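Just below is one structure, and these are the notes that go with it.
Nothing in this text is a laboratory measurement; each read-out follows from the coordinates by a stated rule. None of these values were measured; they are calculated from a predicted model. All Cβ positions, even for glycine, are placed from backbone atoms using ideal geometry, and neighbour counts span all protein chains on display.
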Amino acid sequence: MPANSGRAGVWALALLAVLTLVLLGWACARLDPGGRDRQSIAQLQQQIEERDHERTKAQAFLEMAANRSTRDQSQFLNGLIQRKAFSWTRVFEDLNWSCLRICMSSRCARN
């Protein structure tokens with residue numbers, strides 16, 4: 001009987017050692033959650049850089065002489081919308097007339 005209890009003790013000790021190693025490995029993996037945070041931050045910084053590049057291109061496009069009036073009108077309308085001090089009817093009338101002028105000028109250019 002003493003030989004069997006010795007084997008059971010060795011098996012129990014081996015099982016505890018394996019369980020301890022598994023728990024230590026799990027604890028070490030969870031110890032550095034900053035790795036995932038750093039990866040998320042790097043991805044967000046990449047997206048910010050891409051958006052900044054797009055914004056720079058858009059601003060350069062709006063700064064062109066041909067687009068300045070559109071940019072100014074857009075900024076003016078955006079300001080009115082933010083203050084809610086505008087007439088939707090007036091905005092759509094202006095838009096309608098602008099579209100008509102573009103259509104008329106393109107038809108005249110074809111003729």
Listed residues 44, 77, 31; largest mean-square fluctuation, Gaussian network over the chain with Cα springs below 10 Å, found at 31
Answer with a single label: of (i) 16.4; (ii) 8.4; (iii) 12.7, which was calculated as mean projected area of the Cα convex hull in nm² from the structure in view?
(i)
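If a helix is a whole DSSP H run, which ones in the chain reach 27 Å or further along their own axis (Cα) and hold a mean Kyte-Doolittle hydropathy of at least -0.5?
Values: long enough: 2-31 (42 Å, 1.32); 34-63 (42 Å, -1.49); 88-110 (33 Å, -0.13).
In the chain, the long hydrophobic H runs are 2-31, 88-110.
Treating only the Cβ atoms of Lys and Arg (+1) and Asp and Glu (-1) as charged, compute the dipole magnitude of the chain about its Cα centre; round to the nearest 20 debye.
On the way: 15 positive and 10 negative charges, 70 e Å.
Around 340 debye, computed over the chain.
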Sum -39500 (n - 2.57) across every DSSP H segment of at least 4 residues in the chain, then divide by the residue count to get the 222 nm mean residue ellipticity, nearest 500.
-31500 deg cm²/dmol
The FRET efficiency for residue 63 and residue 87, from their Cβ-Cβ distance with R0 = 25 Å and rounded to 0.05, is 0.30
